[in-house]
Structures are given as C-alpha cells and as structure tokens.
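One structure below.
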Amino acid sequence: MIKTTFSLGTDIIETIIEGSTIKFFDVSTGTITTIEGIRLDKYGSLKEFPDLEDEIDWRKITMERFKEKLKSFNTENEANDYVINELTKQGYKAKFKQRAGFRPEKI
C-alpha cells in the first residue's frame, strides 16, 4: 500500500494504492471515493489524450483509460509514479508519499 498526499488550492486529497486499485480520500470532508469522485480538468486530460478534444463524454473516457493504465503496472511504486504524474497534469501538487510500514517522505 502506498499513500500520497496532494493539494489542489485549499483542498487536501490522499491517494491510496493497493495492488491495482486506487482510492481517493478527501481530508476536508472525510470521504473516500474512486476516480469518479475527483475533479478533472479538461485541459489537463487533453494533454494526455489529445484525441478526446471533440468528445462529449471526455471525462468518462479519461477515467476508463486511467483505470486500464493503472492495471497495467507491475508494482505499486510504478502505479504511484504514474498517478503523481497524471494528477500533476490536472493541477494537483504532490506533497508527501508513504509506503506501508515506513515514515512519510516529502516529494
């Protein structure tokens, strides 16, 4: 399990990666959600998937591609690096990373 803390403005979000699944924890509201619960920026999504520019359901397609990509990684570290990279494109800023049983590391 790897937990990473992100900030977006005044919001604090934590990602929890266990195997090939990811959960998002909103610290301010105390809610845990899947990818469907986070804010996605269309401009950030188009950086990764430029073919979605004229799509009406760009958000849904982006989430499906994200889930499939996450399943393709062999280790949680690879998946976490991908999540950090993708959420940075969406405007999130990575603050800390913590692996199970270890102290948090500043990113």
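At a glance:
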quantity	calculated
Failed item in (1) surrounded by 13 or more Cβ atoms within 10 Å (Cβ to Cβ); (2) of a type outside the set (Gly, Ala, Ser); (3) without any contact (Cβ under 8 Å) to a residue 24 or more places away in the chain; (4) in contact with a helix residue (DSSP H, G or I) (Cβ under 7 Å, 6 or more places away or on another chain), with GLU53 passing the rest	(1)
Hits in segment 21-56 - residues which are within 12 Å of the chain's Cα centre (by Cα), among the aliphatic types (A, V, I, L, M) and modelled with pLDDT of 90 or more	ILE22
Filter result (of a type in the set (Val, Ile, Thr) and either farther than 22 Å from PRO104 by Cβ or in contact with a His (Cβ under 6 Å, 6 or more places away or on another chain) (or both)) within segment 34-65	THR34, ILE35, ILE56, ILE61, THR62
Some residue of segment 19-33 being in contact with a Phe, Trp or Tyr (Cβ under 6 Å, 6 or more places away or on another chain), crowded, with 17+ Cβ neighbours inside 10 Å and touching a residue at least 12 places away in the same chain (Cβ under 8 Å)	no
Hits in segment 1-15 - residues which are farther than 10 Å from GLU76 by Cβ and not small (Gly, Ala, Ser)	LYS3, THR4, THR5, PHE6, LEU8, THR10, ASP11, ILE12, ILE13, GLU14, THR15
Within segment 5-50, tally of residues that are aromatic (Phe, Trp, Tyr) and in contact with a helix residue (DSSP H, G or I) (Cβ under 7 Å, 6 or more places away or on another chain)	3
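The values are calculated or read from the model by the stated rules, or taken from the named source; none is laboratory data. Quantities reported herein were computed from a predicted structural model and do not represent experimental measurements. Positions of Cβ are backbone-derived with ideal geometry, glycine not excepted, and every protein chain shown enters the neighbour counts.
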